[in-house]
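Quick notes on the structure that follows.
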Amino acid sequence: MVALSLTGLVIAAIGGLVIGPTSIGIGPVVGNVLSHLGVGHNTLSTLQSTVLWQLRAPRMVLGLLAGAMLAVAGGTYQGVFRNPLADPYLLGVAAGAGLGATIAIVDVGSGLVTPAWTPLLAFVGAMGAVIVTWLIGGRNSRSSGATLILAGVAVASLLTSAQTFLQQQSSGSIARVYIWLLGSLASASWHSVWIVVPYVAVCSMVCVAAGRALDVMSVGEDESRSLGVRVGRVRLVVIAASSLGTAAVVSAVGLIGFVGIIVPHVVRLLVGTSYRRILPISVVVGAAFLVLADTIARTVMAPSELPLGVVTALVGAPVFVLILSLRRPVAV
Amino acid sequence: MSQVELRDVTVSVGAKVLVSNVTVAIQSGTWCTIVGPNGAGKTSLVEAIAGLRRPSRGTVSIGGRVLAAMNERERARLVALVPQHPVVPSGMTVYDYVALGRVAHHGLLRAATTRDRAIVDSVLERLSLGEFRDRDVVTLSGGERQRMVLGRAFAQSTMVIVLDEPITGLDLRHQMELLELLRSEVADGGLTVVATLHDLTLAGQFADRLILLNQGELVLDGAAGDVVRSDELAHCYGMNLRVIDVDGADVVVPVRR
């Protein structure tokens with residue numbers, strides 16, 4: 001399963017580089033990479049080289065990072081809350097990011113451009129929402145995960161209604177807000193990749209390392225404590241890592257849905273219920289899946305692009321239903 | 001030396017007092033059963049001994065060390081709990097479930113050592129769970145499942161095991177088997193057992209000592225035979241109890257007034 005998912009990742013990554021309106025073959029791409037390393041010779045034109053390195057490569061890498069982080073964060077939330085419906089946006093990350101981005105976009109007035117500080121405001125909104133949720137529902141280590149989920153629901157509804165209000169007040173920018181909310185990798189650059197990399201690297205490693213703790217916590221909070229687990233502390237660390245990673249990703253690519261909830265479930269159906277296996281494999285499968293979805297999003301109706309969130313659901317849902325019907329029922 | 005020591009333990013939730021001023025010392029290598037009617041505070045007391053509930057007043061110590069001063073991991077190496085309604089996570093194998101008992105020893109970030117695995121293997125062997133080791137936990141029968149939960153507690157390698165109604169839902173043979181198994185651990189392994197039981201006959205036969213709780217207060221504390229014959233016992237349950245001697249064993253039966 002590990003080998004299979006890694007193979008899928010490599011294929012998706014190569015597909016992300018070679019498929020597109022400007023056709024670039026696999027051979028020339030390999031030749032170009034090798035020529036950068038000082039062996040072989042480059043056969044790509046300047047245009048092809050620019051498309052490859054300034055457009056497709058950063059877009060592909062950002063897709064890998066976003067897919068990996070959203071999938072592992074979703075799997076982690078499902079484990080820590082013992083709730084199959086948990087996704088990375090559970091504690092208000094999406095609503096907070098949405099509000100932050102809307103403030104940035106609407107603020108420009110005309111709404112014709114998405115300003116450069118949109119990711120920063122989205123990030124601040126996302127982290128702010130999670131911190132408020134935690135202060136309401138998670139500070140007390142005796143309170144259960146359910147309290148935290150409900151606090152998340154309350155915070156998310158409040159922020160979403162504020163976001164909707166702002167959006168309605170400024171009809172000129174509705175389209176841009178809407179595009180941002182649906183998520184897209186179109187504005188990917190090496191700059192955004194370098195900003196997101198450290199967050200995803202650290203946060204996804206923390207989530208994967210929490211696999212054993214989440215396995216123990218599958219027997220519930222009281223029993224985990226009697227087995228020697230500091231439930232409150234594990235929950236804080238895991239939620240902090242998932243939220244921080246998700247906020248960084250969301251601020252760069254918008255609200256891409258479905259990856260965080262469906263990838264860990266698909267992996268669970270294939271490899272069993274241990275988070276020590278689910279989480280690392282979700283990193284790989286999530287990365288591959290999002291790059292694949294993005295390749296579809298930017299090619300099927302080229303030159304226009306489908307919203308990435310639409311494609312993840314359109315491709316992901318049938319695959320998920322297929323696996324679900326072939327395997328045993330979901331157990332979390 | 002007393003292994004489990006409760007000093008003036010009061011457990012309360014908000015303004016409601018569940019257990020008040022209980023002082024008990026339980027000797028190492030003995031079995032103490034807590035009896036009393038529903039709502040007497042048995043589960044709260046057991047949870048306080050297992051460290052899951054912090055007493056609002058008083059202290060619980062195990063092996064001379066105060067529980068409140070320990071972190072979860074240290075505590076889990078001293079006392080194990082068999083809860084009344086254990087969560088059985090579907091998809092987990094019996095081996096992995098029993099191995100959860102070793103987490104307090106190897107930690108959350110390290111894998112189980114060879115020694116940890118050897119201990120899990122020996123527990124599975126001792127509880128005749130070897131043939132189920134790769135089975136999904138939800139496929140076990142009630143008796144097998146309860147043995148498995150006990151196995152997790154054994155794997156914790158603690159000096160004290162606390163059990164809350166461990167035989168609820170088991171048939172007579174499985175009830176006896178489970179209690180005999182524990183009894184042999186007490187006799188041979190020097191284990192200290194604190195349990196709650198509703199069945200007064202079995203409580204009397206298996207425990208060295210009975211503690212009678214009523215409305216959160218300790219009513220009686222003494223040798224099993226004395227407590228089952230006491231007037232206080234019948235009074236706490238508010239009914240007519242008769243103790244019959246059957247081949248040297250006390251059998252407690254209710255009689256209609």
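Every number here is computed from the coordinates shown, using simple stated rules; none is lab data. Please read all numbers here as calculations on a predicted model, not as lab measurements. Quick reminder, even Gly has a Cβ in these numbers, built from the backbone with ideal geometry, and neighbours come from all protein chains shown.
The value given for chain A is a Kirkwood hydrodynamic radius of 20.5 Å, derived from the mean inverse Cα-Cα separation. Relative to the longest principal axis of the Cα atoms of chain B, the long axis of helix B:114-126 makes an angle of roughly 50 degrees. Per-residue mean of foreign Cβ neighbours for B:47-54 is 2 (Cβ atoms of other chains, 10 Å radius). Only helices reaching 15 angstrom along their own axis (Cα) with mean Kyte-Doolittle hydropathy no lower than 0.0 count here, and for the DSSP H runs of chain A these are A:2-18, A:26-36, A:57-80, A:93-107, A:118-137, A:145-169, A:190-209, A:231-253, A:259-271, A:275-299, A:308-326.
For A:81, B:154, A:320, what ranking results if the residue with the fewest other Cβ atoms within 10 Å of its Cβ goes first? Numbers along the way, then the final one.
Details: A:81 22, B:154 27, A:320 18.
The order, fewest Cβ neighbours first, is A:320, A:81, B:154.
The mean number of Cβ atoms from other chains found within 10 Å of a Cβ in peptide A:212-219 is 6, as a whole number.
The distance from the alpha carbon centre of segment B:185-257 to that of segment A:253-269 is 55 Å, rounded to a whole number.
Against the empirical 2.2 N^0.38 Å (N residues), segment B:86-157 has a Cα radius of gyration ratio of 1.01. Since only A:195, B:153, B:45 are under comparison, the one whose Cα sits farthest along the positive direction of the charge dipole of the protein assembly as shown, derived from C-beta charges on Lys, Arg, Asp and Glu, is A:195. Mean projection of the Cα convex hull over all viewing directions, computed for the protein assembly as shown: 32.9 nm². Positive end of the dipole of the protein assembly as shown (Cβ unit charges, origin at the Cα centre): among A:125, B:197, B:31, the Cα lying farthest that way belongs to A:125. Tell me, how many Å apart are the Cα centres for segment B:1-62 and for segment B:110-148? Result: 30 Å between the Cα centres. Helix B:172-189 and the long axis of chain B differ in direction by around 80°, with both axes built from C-alpha atoms. Ordered by the count of other Cβ atoms within 10 Å of each Cβ, fewest first, A:301, A:205 give A:301, A:205.
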